[in-house]
Each structure stands twice: as structure tokens, then as C-alpha cells.
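The values are calculated or read from the model by the stated rules, or taken from the named source; none is laboratory data. Nothing here was measured: the structure is a model prediction, and the numbers come from that model. Quick reminder, even Gly has a Cβ in these numbers, built from the backbone with ideal geometry, and neighbours come from all protein chains shown. Surface areas here come from the heavy atoms of the whole protein model, side chains and all, with no ligands, DNA or RNA. Shrake-Rupley method; radii C 1.70, N 1.55, O 1.52, S 1.80 Å.
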Amino acid sequence: MTPLLEIRSLSLEIPVNDGLLRPIRSVDLTVERGETVAIVGESGCGKSLTSLAVMGLQPQNARLSAERLAFQGESLLGLDRRRWQAIRGKRIAMIFQDPMTAFDPCYRMGDQMAEILRQHRPVSRAEARERIVALLRRVGVPAPEDRLDQFPHQLSGGLRQRMMIATALLCEPELIIADEPTTALDVTIQAQILRLLADVQQETGVGLILVTHDIGVVAGLADRVVVMYGGEVVESGTTDEVLGSPRHPYTAGLMRSIPVPGRTRRGQPLGHIPGLVPRPIAPLTACGFLDRCEFRHEACAAAPVPLRSGAGERQLRCLLPIETPRQPAEPLVAATAIA
Amino acid sequence: MADTSLIDGASASISAAPAAKPMPTPGQIALRRMARHPGFWFGGIVLGVFVLAAIAAPLLTPYDPGTQDLARRLAAPVWNSAGSWQHPLGTDHLGRDYLALLLYGARISLFVGFATVLISGLIGTVLGVAAGYWGGRVDLFVNFLLTVRLTLPVVLVALVAVAVLGQSLPLLVLVIGGLLWDRLVIVTRTATQQLVGREFVTAARAIGSSTPRILMREILPNITSALIVVGTLELARAILMEATLTFLGLGIQPPLTSWGLMISEAKSQFLFRPWLIAIPGTALILLILAINILGDALRDVLSPEGRA
Amino acid sequence: MGSFVVKRLLVTVLVLIVVSIISFSLVHLSGDPAVAMAGERASPEQIAEIRKAYGYDRPFHEQYLSWVGRFVSGDFGRSTYLKEDVGPVLARHIPITATLGVLALAFALLVAVPLGVIAALWPNTIIDRIALVLAVAGQAMPSFLSSLALIYGFGVMLRWLPVSGTATWQHYILPAVALGYYAAPAIMRLTRSGMMDVLKSDHVRTARAYGLSPWRVVLRHGLRHAIIPVVAVATVQFGYMLGGSVVVEAVFSMNGLGNLAWLSIRRYDVEVIQAILLVIAATYAVLTLAADLLNAALDPRIRTS
Ligand SMILES: Nc1ncnc2c1ncn2[C@@H]1O[C@H](COP(=O)(O)OP(=O)(O)O)[C@@H](O)[C@H]1O
Ligand code: SF4
Ligand SMILES: [Mg+2]
């Protein structure tokens with residue numbers, strides 16, 4: 001069966017003053033029907049650009065190339081404006097990070113949602129209103145009728161994000177891309193919104209891409225995890241595989257920065273990965289994670305590292321062994337050797 | 001329609017390449033940027049040519065702008081089939097050499113422009129710095145003055161003032177300078193406000209420097225580039241204002257000459273001899289254009305963050 | 001929002017009081033208006049008579065207060081030159097200038113807003129550059145020159161349009177262009193930068209991501225925001241145009257307020273000059289007040305707070 005979304009070797013290049021930015025480098029990603037895939041990585045790793053590229057919303061001056069970019073078996077490459085319009089919001093819907101700014105401050109919530117519904121479906125105003133109220137009720141918005149007449153700034157962040165989710169559900173899409181849907185929210189609200197997303201996914205069977213920089217939210221939500229670093233996929237597999245035994249040093253680093261209930265005490269510093277996400281300016285000549293990796297050895301600096309497949313669904317872009325779990329205490333070569 | 005850039009904050013990550021050589025001073029950076037800015041060259045050269053021509057007027061034409069020669073009145077310029085090199089730009093309805101009028105007229109335009117900006121610059125800087133430095137009531141008061149000024153129709157008030165007070169050159173300068181300080185106040189006020197919050201001013205206050213000292217040593221030197229930029233643009237506005245008042249018959253009066261006066265006097269002739277207006281008109285537009293472009297270039301170079 | 005309105009209203013009244021003092025003192029600065037009004041060949045007796053008739057022999061503040069008192073009660077004084085009450089004279093001239101101002105503003109907006117939007121949609125392209133050049137060139141052209149150029153081009157060479165007077169609506173076209181184009185560059189730049197900002201905003205990204213048509217994205221979710229500051233600037237520009245129309249009206253021989261002001265200044269018709277100054281200043285003050293309120297009304301975040 002054809003997958004819901006199939007991305008093979010997607011790259012994006014953006015010309016800037018001082019060269020060519022390569023924020024996405026040959027990314028592979030597949031989402032099956034009804035599946036939830038998490039894309040994880042620190043800020044600046046290319047997660048948002050990947051999501052936007054799926055909807056044809058990459059920056060105007062960006063050059064996109066891909067071996068294959070297909071939705072329900074139909075290629076999305078080179079679609080004209082009208083065909084894109086028929087997909088955006090109707091078959092693929094997006095949930096954005098900041099519910100504060102994602103809605104137009106000039107219009108009432110009800111009008112904005114109705115505008116989107118009526119763009120894709122020939123329904124009357126009254127029918128639109130009815131459907132919106134029903135959806136708002138479904139996503140747990142209290143007093144939905146009253147919300148319709150309110151402006152975005154009159155709602156709380158959590159409420160706005162619920163309405164964003166309702167907006168995404170308006171046209172019963174086949175795929176929802178949620179780009180850091182809870183990053184801008186309070187911790188307590190975050191859990192509620194993630195719960196809601198999971199419920200909605202269960203109920204509707206929609207395909208879901210959950211973009212997050214917090215690998216902690218992935219467990220229990222995603223079927224599969226794709227870890228991105230520097231515009232590349234560095235590790236992927238089922239959630240159990242990746243979270244159960246992370247193989248890439250970057251994934252392991254991300255895992256260390258999750259507070260563990262019971263073990264991490266309040267105020268205790270979390271583990272973190274030293275260094276910063278590099279600016280994706282030059283073509284890679286070595287492992288992209290080299291600078292920050294505590295396990296680097298000479299071979300890592302010799303050439304870009306290819307993505308290898310291991311047992312199960314695991315894929316890994318690292319020269320470390322893919323099968324046997326390594327002992328993190330024993331780096332193969334002292335890190336100072338190359339530094 | 002194409003999709004424009006959608007990722008916020010993206011451009012912020014594009015930092016300048018690190019300089020390998022020793023850090024140039026801000027002045028050197030500004031000079032280098034200037035040399036590369038075409039607007040700076042165009043504006044500077046045209047303005048320079050006008051200033052030089054105005055200064056060197058007696059060398060450039062043998063005629064006196066006041067000498068009338070009714071026998072040779074309304075001679076055509078040299079590019080017209082009836083023209084000759086004797087009067088390259090022809091003569092006016094009184095037989096005065098048009099090139100001489102143009103050159104001596106430039107003196108008036110430039111004089112009025114620069115003198116006016118001195119006055120309005122003084123008013124604007126005092127008010128703006130005071131408002132920005134002390135804030136509070138002073139700021140409210142200056143703001144009120146600014147609102148009053150903006151509420152007055154400039155051209156009309158200037159016309160009335162000139163009509164009432166008499167029509168002399170110094171008075172014209174005073175009137176225009178006394179009116180066109182609004183933008184200078186706005187800019188110096190904002191610039192000062194930004195400085196007052198910065199460490200070095202706070203530090204100067206902390207070590208007990210006197211207010212005049214802080215104003216002269218810390219504030220003024222740091223608002224000069226903003227001042228130069230608006231001052232340049234105000235120069236153009238002042239020159240336009242003089243031309244307009246003169247055109248309406250209440251600015252420069254004979255025996256002085258100015259471009260506005262030339263245009264005003266040529267009005268009745270212009271259906272048959274359009275060059276009588278086109279010549280001073282082109283000079284005026286070119287001068288204003290050059291000053292505006294120079295001002296824009298200076299803004300690009302001196303305060304790139306302040307671009308519209 | 002209520003207290004904001006009250007404060008703005010108070011400031012407006014205060015500003016108008018100061019403006020009225022300035023306009024009143026301005027015409028009395030020369031000392032004795034009676035001398036000028038009586039003309040050059042007047043005898044001392046005649047001058048004294050005028051002085052008494054107009055109350056110029058009273059203390060300055062008394063004169064001012066009585067003038068303001070009359071003005072507020074609707075008595076604008078009497079024109080010495082026209083031998084007519086100023087009220088009706090103004091009423092005759094105002095519609096012409098108001099029509100001219102509205103048309104000029106309409107022209108400026110019609111040219112500047114679309115150009116600004118186009119320049120923002122395709123930044124740094126030929127269209128953007130041309131718009132920029134037009135803006136810079138436009139601002140270098142004084143309105144008396146553009147008036148003369150328009151008369152020469154469209155009135156004399158092409159003979160398309162009338163160039164003098166206010167007999168038909170066609171008479172208003174060239175003056176409106178001459179008056180309006182000067183405001184266009186500012187409006188265009190503002191529209192362009194506003195559109196550039198809003199097109200980068202999150203809610204426009206949402207509108208695109210939900211498949212709204214480009215028209216809706218650009219106009220409903222883009223221009224709707226970018227136009228808010230434009231409204232304020234356009235209102236202020238309209239105020240400038242009322243003051244600036246003196247030049248255009250003089251060149252096109254239009255019998256509006258500007259031309260009346262110009263003639264009255266030359267005739268030294270004190271009461272008319274004062275009345276015009278105050279009327280134009282008051283219009284400007286009311287317009288900026290309206291612009292502020294309109295601005296607030298257009299932005300739901302301000303309106304509903
Ligand atoms: N419009 C753009 N122009 C230039 N660079 C961009 C643009 N958008 C994103 N980038 C760069 O691409 C990289 C990836 O960005 P993004 O996809 O937003 O990362 P993430 O969502 O993982 O935080 C970053 O280095 C960012 O600076
Ligand atoms: S390839 Fe080498 S440098 Fe890169 S992540 Fe693996 S061990 Fe580290
Ligand atoms: Mg992101």
C-alpha cells in the first residue's frame with residue numbers, strides 16, 4: 001500500500017549574503033495512514049522547514065529538490081497554485097507553535113474558521129457555524145458559541161491552541177502536521193494539549209507529524225521517531241527502539257536532557273549536549289555532529305556519514321556500531337585527539 | 001503568487017562574516033560604506049557642482065544678473081534654432097542673461113537653505129534633546145509645541161508672516177527656519193531617548209558629571225549622525241519652501257534673484273517659451289533630488305538601523 | 001479607551017487655543033493693521049476711524065478675547081476688502097478646496113497603495129525599483145512646478161483637460177493630481193514596509209497553510225493590517241493638502257480657500273486671514289483626532305480593551 005506521505009531525499013537550499021544555506025539535507029521521511037511520527041531535534045535543526053516544505057510553503061527564495069515528495073501516492077513536486085490550495089488546509093492541515101500569533105488579530109475567531117471551511121466546502125454560514133461549534137465542543141472549548149465572537153487576543157493560550165486544533169480538523173484532513181504545538185504553552189496546559197492531540201488522532205485515524213524539540217513528549221504519543229540534526233536525519237525507528245536504546249550520540253544527549261520523574265530533583269541541572277547547532281552553511285565533509293560528539297574518532301572526520309539500516313526499522317547516521325548497545329563511558333578515541 | 005519568506009527570525013541568524021583584519025573604527029566603516037554607495041556619489045557630486053557654480057558665478061558668466069537689455073529681450077537658448085552662444089540659456093523678458101540669473105539664483109537658494117537649516121537645527125536640537133533627556137513634563141511640553149506647530153498650515157503661516165513682517169532675505173530665513181523644525185525635534189528626541197538608557201550616560205550621571213557636560217560630551221556627539229541625516233533632508237525642504245513662497249510673490253524680491261522668482265516671472269511667457277520655466281525648474285528639481293538622495297544615502301551609511 | 005478619547009480631546013482644544021493666539025498675534029505683529037488696511041493715501045483721520053471701528057485701539061488681550069468670543073459664536077468678522085461677512089465668504093470657498101482635497105487624496109491613495117502592495121509582494125524586482133524611483137523623484141518636484149508641467153502637457157500640448165477655474169469636474173483633475181502626487185510617496189513607502197512586515201507574520205502563514213486564495217491572503221489578512229497606519233498618515237496628509245492647496249489653487253485659478261487666503265494676504269484683509277488660518281488648523285486638528293480614533297477602531301486589540 002502506498003504510504004500517506006513519502007519523502008525521499010528532500011533538500012532545501014537558500015541563497016544568503018555569505019553563501020548557500022543548506023537547512024535540509026537529503027531528508028527521508030514516511031508517514032503511514034493513521035500513524036504518528038515525531039520529528040525531534042534542537043531548535044535550528046530544520047524541523048520547521050521540513051514541515052513547511054511538505055506544504056509547499058518553503059521560503060520564496062529557497063530551492064527545493066527531492067527524489068520523491070508524494071502525498072497519497074500523488075507527487076507534490078511542481079504543483080501549481082490551485083492544486084496546492086486544494087491540498088492545504090483540506091487534506092494536510094498544520095498546527096503552529098505560537099497560538100498567540102497564528103490567528104489574524106483583526107477578525108473574530110468564528111469568522112476566521114468559517115473563512116477556511118468555506119474556502120474548501122460549499123457550506124452556508126449557518127452550516128459552517130454549526131460544524132465549528134461542534135468541533136470546538138469536541139476539543140474541549142467551553143462555551144463554544146461565545147468564543148466565535150471573540151478576537152484571538154481575548155482568549156488564553158491554551159484555548160487558542162485548542163481552537164487551532166479544531167481549525168486543523170475542519171475539513172477532515174488526512175494528515176496533520178503539528179509544529180511544536182505546545183512549546184509556547186504553560187507546562188500544565190502542554191500535557192492537556194498533547195493528550196487532546198493523541199485523542200483526536202485515535203478518534204479520526206488521521207496521520208500525524210509531531211514536531212518537537214522535547215524528546216520527552218514523544219513516548220506514548222508517537223509510533224515512530226525521526227531525530228534530526230543539522231538538517232539531516234541522524235536516527236530513526238520505532239519509538240520503542242529509539243527511546244529504549246538510542247544509538248546516535250545526539251539522540252542519547254537529547255534523552256539525557258529529559259527530567260526523569262523520581263530521579264531528577266527540583267533545581268538539579270539536567271544533562272545537556274555541549275555546543276550549539278551549527279549554521280548549515282557549507283556542504284558536509286564529515287559527520288555533521290563531529291564538533292559536539294564525545295565519541296568522535298578519526299574516521300568520523302574523513303567523509304560525510306551515510307544513513308545505515310539496522311534490525312527492525314532502525315536507521316542510523318553514525319559510525320558507531322548499530323546493533324550492540326555501546327558503553328557510553330568508553331569513547332573509542334579520546335575526544336581531544338581531533339579537537 | 002509566490003510564497004514569501006515565512007520563517008520568522010531567519011534573517012537574524014545571518015550574521016556578518018568575522019573580520020580577519022584589525023577592527024576598523026566606526027568612522028572608517030562609514031567612510032567605506034559611503035564610497036560604495038551610489039546615492040552618496042550622485043547626491044554629493046550634484047550638490048557639490050551646484051555649490052561650486054554658485055560660488056564661482058562671476059567666473060562662469062560675464063553678465064551681471066541685474067543688467068537689463070531690452071533690445072535683446074526673450075532671446076532663445078542655444079539649443080533652439082534661434083539661439084546663440086552669446087546668451088547660452090537665452091534672456092528673460094527684461095533682457096537679463098538667463099545663465100547669470102540661474103547662477104546667482106543658486107546662491108540665494110543655497111544660502112536660504114543652509115541658513116534656514118542652521119536655525120531650524122538649533123531650535124529642533126534644543127527642543128528634541130531637552131524632551132529626550134529630561135522626559136516627563138519637558139517631553140509633554142515639547143510634544144505640545146510640536147503638535148501646535150504641525151497644526152499650523154506652514155505655507156499659509158509663512159505667507160502671512162512674510163507679508164506682515166516685511167519681505168527681506170534675513171526675515172525669510174527666520175520665518176522658514178522658525179517653522180521647519182518639526183522633523184528635527186522628532187529625530188533628536190528619539191535619538192536622545194535611546195542614549196539616555198545606555199550605560200555610558202548612566203555612568204556619567206553616576207560619577208556626578210554635570211548635566212551640561214553630559215549633554216555636550218555624551219549626548220550631542222552621539223546624535224550628530226541622526227542630525228546630519230535629517231538636516232540634509234530639511235535642507236531640501238527649506239529650499240522648496242523658499243521657492244514656493246517666492247513663486248507666490250511673497251519671498252525673494254527683486255533686485256535679488258532666485259529660481260522661484262525666475263519661474264514666477266516666466267509664468268505669462270510659458271506657453272510660447274516653455275524653457276523659461278524648464279531651465280530654473282530643472283535646476284530646482286535636480287538640486288532637491290540630489291539633496292534627498294544624499295540624505296537617504298547618509299541614512300543608509302550612518303544609521304542603517306534607522307531605515308524606513 | 002474612554003479616558004484616551006477624553007485626553008485627546010482636551011489636547012486638541014488646548015492646541016487650538018494656542019493656534020488661535022498665534023494666528024491672532026501674527027496678523028497684529030506689524031503693529032497697527034489699520035494703517036495697512038486704510039491704504040497708502042489714507043488721511044490720519046481715516047486711519048483713526050478704522051482703528052476705532054475695528055477696536056484696534058483696545059488692549060491686545062481684549063481684542064483677542066472678543067475675537068475668539070465672536071468666532072466661537074459663529075461670527076467670523078467682516079472682510080474689509082470684500083465688504084462682506086467672512087462666514088458666507090468662507091462658505092463659498094470651502095467646498096472647492098474640500099473637493100480638491102478629497103480628489104487629491106483619492107488620487108494619492110489610488111496610486112500609492114497598489115504600488116506599495118506590488119512593491120512589497122515582489123521586493124527588489126524591477127517593479128519595486130521603479131516604485132522607489134517614482135517616490136524619490138516625486139518628492140523632489142515642488143507642486144507649483146508640477147502644476148505648470150501638467151498644464152503644459154495636458155492642457156496646452158494635448159488639449160485634453162481644462163486648466164483654469166472650477167466650472168466642470170474635469171477642471172478638478174489636473175489640480176488634484178498636482179496636489180495629490182506629493183502625498184503619494186509617503187503613503188507608498190508606508191504601505192510597502194507595512195505589507196513586507198505583515199506578509200512575514202504568522203497569521204499570514206496560517207492563511208496560506210489553510211489554502212486561502214492569494215487575494216484573500218494579501219488583501220484580507222495582509223493589507224487589512226498594513227492599511228491601519230496608512231489611514232492615519234492619509235488623514236494627516238489631507239490636512240496638509242488643505243494648507244498646501246494655496247499653491248495649486250493659485251496656479252489653476254481656482255476660487256477655493258487657498259486662493260482666497262493668498263488674495264487676502266496680498267490685500268491685507270485681516271479678518272479673512274485669521275478666519276482661514278483658524279479654520280484650516282481646526283480641520284487639521286479634528287482630522288488627526290479622527291485618525292487616532294479611527295486607528296483605534298480599526299485595531300480590535302485597542303478597540304476591545
Ligand atoms: N527563510 C529562511 N531564510 C534563511 N534561513 C532560514 C530560513 N528559515 C529557516 N532558516 C534556517 O534554517 C535552519 C533550520 O530552521 P528551522 O527549520 O526553523 O529549524 P527548527 O524548526 O528545527 O528549529 C536554521 O538555521 C534557520 O536559521
Ligand atoms: S559518526 Fe562519529 S562523530 Fe558522528 S556521531 Fe557518530 S561517533 Fe560521533
Ligand atoms: Mg521550528
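By per-residue mean of other Cβ atoms within 10 Å, what is the highest-first order of C:182-189, B:160-167?
On the way: C:182-189: 23.4, B:160-167: 19.5.
The densest-packed peptide leads the list: C:182-189, B:160-167.
What whole-number value in Å² describes the accessible area per residue of chain C for a 1.4 Å probe? Don't jump to the answer; show the numbers that get you there.
Details: 13350 Å² over 305 residues.
In whole numbers, chain C has 44 Å² accessible per residue.
Tell me the relative contact order for chain A as a rounded percent, counting alpha carbon contacts under 8 Å between residues six or more apart. Kindly include the intermediate steps, with their values, before the conclusion.
Details: 608 pairs, mean separation 69.1, N = 339.
Rounded, it is 20 percent for chain A.
Give the relative contact order (percent, whole number) for the range C:2-81; include only Cα pairs under 8 Å separated by 6+ residues. Write out the running numbers ahead of the final one.
Values: 22 pairs, mean separation 17.7, N = 80.
Rounded, it is 22 percent for the range C:2-81.
Let me have the relative contact order for the range A:103-170, percent, based on Cα pairs under 8 Å that are six or more residues apart. Before the final figure, lay out each step's value.
Working: 63 pairs, mean separation 29.8, N = 68.
Once divided by the residue count of the range A:103-170, the mean separation gives 44 percent.
Kindly report, to the nearest 10 Å², the accessible surface of C:LYS52 as traced by a 1.4 Å probe over protein heavy atoms only.
150 Å²
Need one value for B:137-144: mean number of C-beta atoms belonging to other chains within 10 Å of its residues' C-beta atoms.
Averaged over the peptide's residues, the number is 1.
Using a Förster distance of 41 Å, how high is the FRET efficiency between B:ILE207 and C:ALA106, based on the Cβ-Cβ distance and rounded to 0.05?
That pair, B:ILE207 with C:ALA106, gives E of 0.10.
Per the Kirkwood formula on distinct C-alpha pairs, the Rh of the range C:88-304 is how many angstrom?
Averaging 1/r across every pair of different Cα atoms and inverting gives 18.8 Å.
In a Gaussian network model over chain B where Cα atoms closer than 10 Å are linked, find which of B:ILE207, B:ILE45, B:ILE263 has the largest mean-square fluctuation.
Result: B:ILE207 has the largest fluctuation of those listed.
Counting only other chains, and only Cβ atoms inside 10 Å, what mean value do you get across the residues of B:239-249? Write down the numbers at each step before the final one.
Details: counts 1, 7, 1, 0, 3, 7, 1, 1, 9, 8, 4.
Per residue, the number of nearby Cβ atoms from other chains is 4 on average.
Could you report the range A:103-170's accessible area per residue, 1.4 Å probe, as an integer in Å²?
It amounts to 39 Å² per residue over the range A:103-170.
Could you sort B:ASP300, C:ASP85 by accessible area so the largest value comes first, with the probe set to 1.4 Å? Mind showing how you got there, number by number?
On the way: B:ASP300 40, C:ASP85 75 Å².
Order by accessible area, largest first: C:ASP85, B:ASP300.
For B:TYR133, what is the net charge nearby, where nearby means another residue's Cβ is under 12 Å from its Cβ and Lys, Arg count +1, Asp, Glu -1? Show your work: numbers first, answer last.
Details: positive: B:ARG189, B:ARG205; negative: B:ASP139, B:GLU218.
It works out to a net charge of 0.
Go through A:4-11, C:274-281, A:283-290 and give me the packing order, highest mean Cβ count within 10 Å leading. Mind showing how you got there, number by number?
Working: A:4-11: 19.9, C:274-281: 24.8, A:283-290: 17.6.
Highest-to-lowest ranking by the protection proxy: C:274-281, A:4-11, A:283-290.
Net charge near C:GLU45: determine it from the other residues with C-beta under 13 Å of the C-beta of C:GLU45, scoring Lys and Arg +1 and Asp and Glu -1.
Details: positive: C:ARG41, C:ARG51, C:LYS52; negative: C:GLU49.
Local charge sum for C:GLU45: +2.
Per residue, how big is the convex hull around the C-alpha atoms of the range C:12-129? Give it to me in cubic angstrom, could you? Write down the numbers at each step before the final one.
Numbers: hull volume 22.7 nm³, N = 118.
Hull volume over Cα atoms, normalised by residue count, gives 192 Å³.
Springs between alpha-carbon pairs under 10 angstrom, Gaussian network model over chain A: which of A:THR188, A:THR167, A:THR204 fluctuates most?
Among A:THR188, A:THR167, A:THR204, the largest GNM mean-square fluctuation belongs to A:THR188.
In whole Hz and in residue order, list the ³J(HN,Hα) couplings for the range C:200-210 that follow from phi through the Karplus curve 6.51 cos²θ - 1.76 cosθ + 1.60, θ = phi - 60°; x for Gly and Pro.
For the range C:200-210, the Karplus-derived couplings read 8, 7, 4, 6, 6, 4, 4, 4, 5, 5, 9 Hz, x marking Gly and Pro.
So the label point goes 7 Å from the Cα of C:PHE4 along Cα→C-beta, right? Which residues of the range C:231-245 then have their backbone N under 15 Å from it?
C:232
Can you work out ³J(HN,Hα) from phi for every residue in the range B:263-279, in order, using Karplus 6.51 cos²θ - 1.76 cosθ + 1.60 and θ = phi - 60°, giving whole Hz and x for Gly and Pro?
Values per residue, Gly and Pro as x: 5, 4, 6, 8, 3, 6, 9, 6, 5, 9, 10, x, 5, 4, 9, 4, 5 Hz.
Testing the spin-label approximation: label points 7 Å from Cα along Cα→Cβ at A:ASN17 and A:ALA311. State their distance in nm.
So the two model labels end up 5.2 nm from each other.
Could you tally the net charge around A:ALA191, taking each other residue with its Cβ under 14 Å from the Cβ of A:ALA191, Lys/Arg +1 and Asp/Glu -1? Please list the in-between numbers first.
Values: positive: A:ARG162, A:ARG195; negative: A:ASP186, A:ASP199, A:ASP214.
Combined, the nearby Lys, Arg, Asp and Glu give -1.
Name the most mobile residue of A:VAL218, A:VAL16, A:VAL277, meaning the one with the largest mean-square fluctuation, in a Gaussian network model of chain A with Cα contacts below 10 Å.
Judging by the Gaussian network model, the answer is A:VAL16.
Determine, for the protein assembly as shown, the count of lysine pairs separated by eight or more sequence positions (or lying on different chains) whose alpha-carbon distance falls under 23 Å.
On the way: A:LYS47/A:LYS90; A:LYS47/C:LYS200; A:LYS90/C:LYS200; C:LYS52/C:LYS83.
Lysine pairs satisfying the spacing and distance rule in the protein assembly as shown number 4.
Which number comes out as Rg/Rh for the range C:143-191 once both Rg and the Kirkwood Rh are worked out on C-alpha atoms?
Details: Rg = 12.0 Å, Rh = 11.4 Å.
Using Cα coordinates only, the ratio equals 1.05.
Would you please give the residues with an amide H less than 5 Å from that of A:ILE176, counting only those at least 5 places away or on a separate chain, with H modeled from the backbone geometry?
When sequence neighbours closer than 5 places are left aside, the close amide H contacts are A:ALA93, A:GLY207, A:LEU208, A:ILE209.
Can you pull the percent of chain A's accessible area that's carbon plus sulfur, 1.4 Å probe, other chains left in place?
On the way: 7670 of 14940 Å².
Roughly 51 percent, rounded to a whole number.
List the residues of the range B:150-171 for which accessible area in the full set of protein chains is at least 40 Å² lower than for the chain on its own; 1.4 Å probe, protein heavy atoms only.
Buried-area filter returns B:LEU150, B:THR151, B:LEU152, B:PRO153, B:LEU156, B:VAL160, B:VAL164.
With a 1.4 Å probe and all protein chains in place, put C:SER253, B:SER264 in order of accessible area, largest first.
Of C:SER253, B:SER264, the descending order of accessible area is C:SER253, B:SER264.
May I have the extent of the alpha carbons of the range A:103-170 along their three principal axes, as whole Å values ordered from largest to smallest?
Sorted from largest, the Cα extents of the range A:103-170 read 31, 25, 19 Å.
How much of the accessible area of the range C:167-305, probe 1.4 Å, is carbon plus sulfur, in whole percent?
On the way: 2860 of 4300 Å².
With neighbouring chains kept in place, the figure for the range C:167-305 is 66 percent.
May I ask you to evaluate 6.51 cos²θ - 1.76 cosθ + 1.60, the Karplus curve with θ = phi - 60°, for each residue of the range C:234-249 and list the ³J(HN,Hα) values in order in whole Hz, giving x for glycine and proline?
Computed from phi, the couplings for the range C:234-249 are 5, 5, 5, 4, 4, x, 4, 4, 4, x, x, 5, 4, 5, 5, 5 Hz.
Under the rule of at least 5 residues apart or a separate chain, name every residue whose amide H is placed under 5 Å from the amide H of A:ILE39.
A:LEU210, A:VAL211, A:THR212, A:VAL226
Ignore the peptide's own chain and count Cβ atoms of other chains within 10 Å of each Cβ in B:259-266; give me the average, rounded.
Working: counts 2, 3, 0, 0, 4, 1, 0, 1.
Counting Cβ atoms of other protein chains within 10 Å of each residue's Cβ and averaging gives 1.
What distance in nm separates the simple spin-label points at A:ALA143 and C:ASP299, each placed 7 Å from Cα in the Cβ direction?
The modelled label-to-label distance comes out at 2.7 nm.
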